[in-house]
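The values are calculated or read from the model by the stated rules, or taken from the named source; none is laboratory data. Here the structure is a predicted model, which means the values were calculated and not measured. Here the Cβ positions follow ideal geometry from the backbone for every residue, glycine too, while neighbour counts run over all protein chains shown.
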Amino acid sequence: MNSRTRALWATTALVGGILVAGAASAQSSGTDAAEGTVVDTVVVTGQRGPRSISGATVAQTVDKTRSTVTQEYISRQQAGQTVIQILNNVPGLNFTNSDPYGNSGGNIRLRGFDGNRVSLTFDGLPLNDTGNYAAYSNQQMDAELIERASVNQGSTDVDSPTAAANGGTISYTTSRPLEHMGAQINSSIGSFNYGRVFGRFDTGAFGPWGTRAYIAGSYTDYDKFKGPGSLEKKQYNARIFQDLGDGDFASLAFHWNENRNAFYNNSNSLATFNAGLRPENDIACFRPLPVAGTVQNEQNQSTAITYFGGTLNNTSCSNDSRTRINPSNTGNIRGQFSYGLTDNIRITIDPSFQYTIANGGGFTLVNERDDRLDQNTTNNATVTTAAQCGAAAILNSGVDLNGDGDTCDNVALYTPSNTNTRRYGVISSLLWDINDDHRIRISYTNDYGRHRQTGEATRYNADGSVPEVFAGENTWGNEDLRVLGRDGSYFRSRDRFSEAILNQVSAEYRGQFFNDALSITLGVRAPFFTRNLNQYCFSQSASSNVRCTTEAVASTLANGNVTFASTGTTQFIRPYTQQLKYDAVLPNIGASYRFLENHSVYASFAQGISVPRTDNLYQPFRNAAGGLDFSTVQPETTDSYDLGYRYTSSRIIASAAVWYVSYDNRIVSSFDNDPNSPTFNFSVDRNLGKVKQQGFDGSVEWLVADNFSLYASASYNDSEVQDDLALSATTFLPTKGKTIVETPEWTFSMRGQWQVTNAWSVGLQGKYVDDRFSTDVNDEVFPSYTVVDFDSRYDLTNVFGIRDAYVQFNVTNLLDEEYLGNISTGNNATTIDVDPGAGVVNRTGQARTGAIGAPRTMMLTLGTKF
């Protein structure tokens, strides 16, 4: 038994209560103060027991379903791994990682909700994109700096700064600077040329007020486990902390993360997977040599060197690995301030600023006489011969894209869809302790995001590489890289500016009754959400297809739509602006009852709302009155109920919950893995209408012996779509009675940890994921899988005489299981009849694709502190 475990067992009842109450992972300083001080301490007074055993779970007292892991458990996982993968063994959460080390992102499912419907925060800072609510798992803080991480299954906190989190929250709290000067260095090597180094320096207390600070950084680089390309990550963190006494404090932190990732080709259907085929991107691609007076068509005259070692002639370079990239720069500055105005009134203020620029690569073939370049509708004839190329009309039109002196060619351009966000926020709370048993909290949240979504094209370098991963995005001083038309306008695939503005007020009452055995929470939050849309391109009705151009309009129709000479009769909506507003009043109620020293039960109810994503709203249609109609996209609403039981003793921490969720206007989001799809690398939403869902989540950790512990969790999920999905006035997708896509019915996790000697410990953990449907009509099933991981850690303190020096060996997917993780879901995989009547209207299906799970991966880490 290690000294830490002995110390936990020796705590008094009161101190043990404080540890349990302090285990909450906060959404904000206000929630931290509300959940971690006097009221909750009274609840657990009298309970003897550990806050945690091995860090895989933590005793909870909140009146909602929550799972928490600590740094003790986090440090046993792979160095540099995303915190969401580290949380993957908690009940209710199923995360499918896109590569063994976490830098390629992954897919979140929490009780059947996708990541766009799950709030992701750290230190109270909301991380979901304010435009599409995406949660980017590969951009999270270095795990060494995370003190604890939590999952709220099914409900948010009352001050959660979100307009989309119907499915719960994932949150983590970062460590505070240490009181004594010190440094930490971790260095790792692993499979696939993996290399990582992490360093942290703490100043210790300095100056007249005992101010503390740290600065940390990490660098990671490794090859993809299949296919050409590598993944590189740089991260920098800093924090300064001032203890103001009596629980008061002020903190300012900084975070910056850069990812330069090559995409995996994830177009693996069940048929190709079962046949042992593993599609991948091309190693390189060579474009035709530009020659003046002749026609180069890069659509069918390029030469690709395929991943499998062959040469493919007469093709395009759309699958070149140097185009299939995913660069991102993200950063934030976040403040926290908590101050007691009086003995029983406290104010908390958490301001923040975030910056993001990112894209998923892009390839577009453009004719040099495209009207978007020369604004000339008279020279659109197809050019296939040198004689045609020499015609005077051809020579005097268009833009020379490949530098050969003519405008006869079809040339590939790098056209990533950049999203550049600047986001300002503040979460503030005022807490009033009426007495030791009753508290009131009033909170206000403001979250303001500015989104610039553009697709400025740039030429490729002569060797096929891109000159700038963000192409001609104008905020980075790359205007000279843009492809300009004859009138000075620049060629682009999209161009829009949006504002997402959340103003939210909330109130909460917490009280203790019957000698502190009963705890009641009554809360309500009222979000007021505004989206300001500015579409600068012409767009097709009820479609995401746009035409960004300065060419002359050929005709204006009676309904207000326009046509262009180059696109025939296709109708477009002119550029427009629109403001849309959403609001709701959402109750959040909970109660817990401690009926014996180690036993408690709880119940909770919460309503949620998810307002439409920006991408969905940029698809209005022209109604009969001639106006633009945005009403086809409606908010999703939920009613969530939880009923749970907890048992905590010196050797066992156990919890179990049954839950039920009723949806209106359920939206399913999936990531498109198919490189041949027009929405490749983007999330696509589908509206399924009403859905009912119910299930069970449970976990237990047992200290079997002083040096051996076991953790296990299980989740059951049963969902049912209530109606068929209308495709038209007379055809319907037969979804009634079907199950939500990509959601396993059962998941099981288990971990055993053995302290072999005082210096050496080993751990073995595994997770089973049940079958998952890939389509809304459940006509295709992706098979179940089990992944097992191993870790071994040896304390080197007595070997080298350096405090906290250790060596750790990790193996993920120990049994080298082959499986499909992320799924690009859709409506139907096979041909089905969508006429509910006697007639037959066949709808052609498309086999869905998935991402290959990472194979067995080994890592060795050497760490030390001094």
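Looking only at residues of the stretch 568-597 that are among the β-branched types (Val, Ile, Thr) and under 23 Å from residue 627 (Cα atoms), we find that the one that is surrounded by the most Cβ atoms within 10 Å (Cβ to Cβ) is 573. Report whether or not residue 471 is surrounded by fewer than 19 Cβ atoms within 10 Å (Cβ to Cβ) and either touching a Pro at 6+ places or on another chain (Cβ under 8 Å) or part of a loop (DSSP other than H, G, I, E, B) (or both). Criteria not met by residue 471. Among strands (runs of 3 or more DSSP E) entirely within the stretch 207-291, having at least 2 residues that are within 30 Å of residue 406 (Cβ to Cβ) singles out 284-286.
Can you report the number of residues in the stretch 640-659 which are in a strand (DSSP E or B) and more than 16 Å from residue 156 (Cα to Cα)? Total meeting the criteria: 12. Testing residue 166 on (1) modelled with pLDDT under 95; (2) farther than 30 Å from residue 613 by Cα; (3) of a type outside the set (Asp, Glu), one condition comes back false. Which one is that? Single failed check for residue 166: (2). Selection within the stretch 836-866: residues that are touching a residue at least 24 places away in the same chain (Cβ under 8 Å), polar (S, T, N, Q) and farther than 23 Å from residue 108 by Cβ. The member of this set that is surrounded by the most Cβ atoms within 10 Å (Cβ to Cβ) is 861.
The set of residues in the stretch 702-726 being in a strand (DSSP E or B) and more than 23 Å from residue 109 (Cα to Cα) consists of 702, 703, 704, 705, 708, 709, 710, 726. Looking only at the stretch 796-814, decide whether some residue is modelled with pLDDT under 95, under 24 Å from residue 99 (Cβ atoms) and of a type in the set (Val, Ile, Thr). No, there is no match, as no residue in the stretch 796-814 is modelled with pLDDT under 95, under 24 Å from residue 99 (Cβ atoms) and of a type in the set (Val, Ile, Thr). A count restricted to the stretch 417-440 and to residues that are within 30 Å of residue 493 (Cα to Cα) and part of a loop (DSSP other than H, G, I, E, B) stands at 1. Check whether at least one residue in the stretch 162-185 is of a type in the set (Phe, Trp, Tyr) and touching a strand residue (DSSP E or B) at 6+ places or on another chain (Cβ under 6 Å), and report yes or no. Yes: one or more hits. Under the condition of being closer than 24 Å to residue 811 by Cα, hydroxyl-bearing (Ser, Thr, Tyr) and not in a strand (DSSP E or B), the residues counted in the stretch 189-206 number 1.
Which of the residues that make up the stretch 497-525 are of a type in the set (S, T, N, Q) and in a strand (DSSP E or B)? Answer for the stretch 497-525, where residues must be of a type in the set (S, T, N, Q) and in a strand (DSSP E or B): 498, 503, 504, 506, 512, 519, 521. Quick check on residue 586: is it among the hydrophobic types (A, V, I, L, M, F, W, C) and in contact with a strand residue (DSSP E or B) (Cβ under 7 Å, 6 or more places away or on another chain)? Considered against the rule, which asks whether it is among the hydrophobic types (A, V, I, L, M, F, W, C) and in contact with a strand residue (DSSP E or B) (Cβ under 7 Å, 6 or more places away or on another chain), residue 586 comes out as yes. Restricting attention to the stretch 547-562, the residues that are under 19 Å from residue 491 (Cα atoms) and surrounded by 13 or more Cβ atoms within 10 Å (Cβ to Cβ) total 6. From the residues in the stretch 62-88 that are assigned to a loop (DSSP other than H, G, I, E, B) and among the hydroxyl-bearing types (Ser, Thr, Tyr), which one is nearest to residue 151 (Cα to Cα)? Taking the candidates together, the pick is 65. On the basis of being surrounded by 21 or more Cβ atoms within 10 Å (Cβ to Cβ), farther than 30 Å from residue 416 by Cβ and assigned by TED's automatic domain parsing to the domain that holds residue 650, does residue 728 make the cut? Spelling it out, it is not the case that residue 728 is surrounded by 21 or more Cβ atoms within 10 Å (Cβ to Cβ), farther than 30 Å from residue 416 by Cβ and assigned by TED's automatic domain parsing to the domain that holds residue 650. Set side by side, the residues 280, 298, 258 differ, and just one is of a type in the set (D, E, K, R) and at pLDDT 95 or above, which is 258. Residues in the stretch 824-860 that are over 22 Å from residue 788 (Cβ atoms) and in contact with a Lys or Arg (Cβ under 9 Å, 6 or more places away or on another chain): 824, 825, 826, 827, 828, 829, 831, 832, 833, 834.
Apart from one condition, residue 768 fits all of (1) surrounded by 15 or more Cβ atoms within 10 Å (Cβ to Cβ); (2) farther than 23 Å from residue 92 by Cα; (3) free of Cβ contacts under 8 Å to residues at least 24 places away in the same chain; the exception is (2).
Checking each residue in the stretch 806-831 for being of a type in the set (A, V, I, L, M, F, W, C), over 19 Å from residue 747 (Cβ atoms) and in a loop (DSSP other than H, G, I, E, B) picks out only 829. Of the residues that make up the stretch 535-543, is at least one surrounded by 18 or more Cβ atoms within 10 Å (Cβ to Cβ), touching a helix residue (DSSP H, G or I) at 6+ places or on another chain (Cβ under 7 Å), in contact (Cβ under 8 Å) with a residue 40 or more places away in the chain and not small (Gly, Ala, Ser)? Taking every residue of the stretch 535-543 in turn, none turns out to be surrounded by 18 or more Cβ atoms within 10 Å (Cβ to Cβ), touching a helix residue (DSSP H, G or I) at 6+ places or on another chain (Cβ under 7 Å), in contact (Cβ under 8 Å) with a residue 40 or more places away in the chain and not small (Gly, Ala, Ser). For the stretch 205-260, the tally of residues that are in contact (Cβ under 8 Å) with a residue 12 or more places away in the chain and either on the phi > 0 side of the Ramachandran plot or of a type in the set (D, E, K, R) (or both) stands at 18.
Screening 749, 699 for residues that are within 27 Å of residue 853 (Cβ to Cβ), crowded, with 16+ Cβ neighbours inside 10 Å, in contact with a helix residue (DSSP H, G or I) (Cβ under 6 Å, 6 or more places away or on another chain) and touching a residue at least 24 places away in the same chain (Cβ under 8 Å) leaves exactly one candidate, 749. Against the numbered list (1) under 22 Å from residue 423 (Cβ atoms); (2) of a type in the set (Ser, Thr, Tyr); (3) touching a helix residue (DSSP H, G or I) at 6+ places or on another chain (Cβ under 9 Å), residue 169 comes up short only at (3). Among the residues in the stretch 689-701, are any within 23 Å of the chain's Cα centre (by Cα), over 26 Å from residue 612 (Cα atoms) and at pLDDT 95 or above? The answer is yes, given that some residue of the stretch 689-701 is within 23 Å of the chain's Cα centre (by Cα), over 26 Å from residue 612 (Cα atoms) and at pLDDT 95 or above.
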